[in-house]
Amino acid sequence: MNQKRTRIVDIAEELGVSTATVSNVIHGKTKKISAETVRRVQELLEKREYIPSMAGILLAQNDSRIIGIVVNDHEKYEGKVLEDTFIASSLNALSAEIEQAGYFMMVKVTKDCGEIVKFASMWNLEGLVVIGFCDHDYKKLRDAMHIPFVVYDGYLEEPARICNLVIDNYDGGRQVGSYFRQKGHKKALCISDNAICVDLERYQGFRDAFGEGHADFMQVPMAKKERRRFYEEHLEKLKSYQAFFAVSDFYAAELMQFLMEQGVRVPEEAAVAGFDDCPLCELVSPTLTTVKQDGKQRAKLAVSMLKKLKEGETEGTTVRLPVTLVERQSTGGR
């Protein structure tokens, strides 16, 4: 049986104070209330297990203490964007840093920039971290709203009034290309579902280091079932390569599994490397060589840059974070 919910008026009547006093204590507006009254109200609120409307409290304040995280619900995730290993690990890192900074985190999944503007306004957000969109989307957002936001993982050429927090995608690809050359591979293939923005930078670095004319590019379908069919149709071509660089860990692990199912031994007959160093890399067998980005550092910088944008300490900038190659079993490492 559900208990009757305690109301502000019930607390006020029991203590002999006004409802305004109780409401002010709940909302943290206690400058004009005695310490003894604040204590009495708080103790009774706890005793009666009063649960206020958090949305109402936050929206009533000048500073909501809410940082919104918006993730692009791109078609390649097939409706499961928050299950993606990179997205999940990014949200985990952001959650820890946002909480440590004394803020709340609110997550929204959408592919519509117009929804982001509504989201920011509705919840009185103090800042936004936007993941997975492209240059024209960020420009639209910059023109449509004035709250500070950080581009966490995406592509932006002109960071005016925005912090563009990126990793060195080109260098990550370059490190893989150079590594494959050092391992003696003569022919390599880069796998991606597109040839623009971030993925293009990764391929360009890979190609430049491995050697133009020796590092090919293959664009694969975004849908998982179609991608599997594509690999089956191009099996003989895939078998002609000695090394594979996929622009994400998920694509690398998936391709590695497919090759082994077809009798290709990894890493003896084909080396495979990915990008991001998600937890997935150490769960697959063989473990996956990849390009590591420091998720904790990136999340920490995102929160720090939001504060600087809000306080006017920066008008917008690009911060490029370094990446490192992590060698594992899929390329003959540990």
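The values are calculated or read from the model by the stated rules, or taken from the named source; none is laboratory data. Small disclaimer: the values here were computed from a predicted structure and weren't measured. When we count neighbours, we look across all protein chains shown, and the Cβ atoms used for this are built from the backbone with ideal geometry, even at glycine. These accessible areas exclude ligands, DNA and RNA; they are computed on the full protein's heavy atoms, side chains included. Shrake-Rupley method; radii C 1.70, N 1.55, O 1.52, S 1.80 Å.
Which whole-angstrom value gives the distance between the alpha carbon centres of the range 268-334 and the range 116-188?
First find each Cα centre; the distance between them is then 13 Å.
Please list the radius of gyration and Dmax for the range 22-152, considering alpha-carbon atoms only, with Å as the unit.
In order Rg, Dmax, the Cα atoms of the range 22-152 give 18.3, 57 Å.
What are the lysines whose alpha-carbon lies under 28 Å from the alpha-carbon of residue 310, with same-chain residues fewer than 8 places away excluded?
Residue 310 reaches 29, 31, 108, 111, 118, 139, 140, 296, 300.
Carbon and sulfur: what percent of the chain's accessible surface (1.4 Å probe)?
Ligands and nucleic acids excluded, carbon and sulfur give 48 percent.
Regarding the range 214-273, what is the average projected area of its C-alpha convex hull, in nm²? Walk me through the numbers before you get to the answer.
Working: hull surface 15.3 nm².
Spelled out: convex hull of the Cα atoms, projected over all directions, averaged, 3.8 nm².
Can you pull the semi-axes for the range 78-162, root of five times each eigenvalue of the Cα gyration tensor, sorted largest first, whole Å?
Numbers: eigenvalues 76, 54, 35 Å².
They are 20, 16, 13 Å, listed largest first.
In square angstrom, what is the accessible area per residue of the chain with a 1.4 angstrom probe?
Ligands and nucleic acids excluded, the result is 51 Å² per residue.
Once Rh is set to the Kirkwood radius over Cα pairs, what Stokes-Einstein translational diffusion coefficient, in µm²/s, holds for the range 154-252 at a temperature of 20 °C and a viscosity of 1.002 mPa s?
This corresponds to a translational diffusion coefficient of 150 µm²/s.
Can you give the charge dipole size of the range 172-266 about its Cα centre, rounded to the nearest 20 debye, using +1 on the beta carbon of Lys and Arg and -1 on the beta carbon of Asp and Glu? The partial results should precede the final answer.
Working: 15 positive and 13 negative charges, 62 e Å.
Magnitude of the dipole: close to 300 debye.
Could you name the lysines whose alpha carbon sits less than 30 Å from that of residue 237, not counting residues in the same chain fewer than 8 places away?
In chain and number order, the partners are 76, 183, 186, 187, 224, 225, 292.
Which of 214, 185, 27 ends up with the largest GNM mean-square fluctuation for the chain, with Cα atoms connected below 10 Å?
Maximum fluctuation in the GNM of the chain, among the listed residues, is at 27.
For all pairs of alpha-carbon atoms in the range 285-330, what percent lies in each bin of width 10 Å, listed from the first bin to the last filled one?
It works out to 23, 35, 23, 14, 6, in whole percents.
List residues of the range 159-179, by number, whose backbone nitrogen lies under 12 Å from a label position 7 Å along Cα→C-beta of residue 327.
179
How big is the chain along each principal axis, measuring the range of its Cα positions in Å and listing the largest first?
The principal-axis extents, from largest down, are 83, 50, 33 Å.
Quick check on the chain: of the DSSP beta bridges with both residues there, what percent are antiparallel, nearest 5%?
10
Considering the chain as a Gaussian network with a 10 Å cut-off on Cα pairs, which listed residue, 26, 116, 66, attains the greatest mean-square fluctuation?
Per the Cα network of the chain with a 10 Å cutoff, 26 tops the list.
Can you give the local net charge around residue 158? Use residues other than it whose beta-carbon is closer than 14 angstrom to its beta-carbon, Lys and Arg +1, Asp and Glu -1.
Charge balance in the 14 Å sphere: -1.
Picking from 126, 13, 158, which is most flexible by a Gaussian network model of the chain using Cα springs under 10 Å?
Result: 13 has the largest fluctuation of those listed.
Could you point to the residue in 88, 44, 72 farthest towards the positive end of the chain's charge dipole, with +1 and -1 charges on the Cβ of Lys/Arg and Asp/Glu respectively?
Of the options given, the answer is 44.
Stick to the Cα atoms of the range 253-334, pair each with every other, and give me the Kirkwood hydrodynamic radius in Å at one decimal.
For the range 253-334, inverting the mean 1/r across all distinct Cα pairs yields 14.8 Å.
Pull up the cross-link candidates among the aspartates and glutamates for residue 307, meaning alpha carbon to alpha carbon under 19 Å and not fewer than 8 places away within one chain.
63, 97, 99, 126, 153, 315
In deg cm²/dmol, rounded to 500, what helix-only [θ] at 222 nm does the chain give when every DSSP H run of at least 4 residues adds -39500 (n - 2.57) and the total is split over its residues?
Values: 13 runs with 144 residues, N = 334.
That comes out to -13000 deg cm²/dmol.
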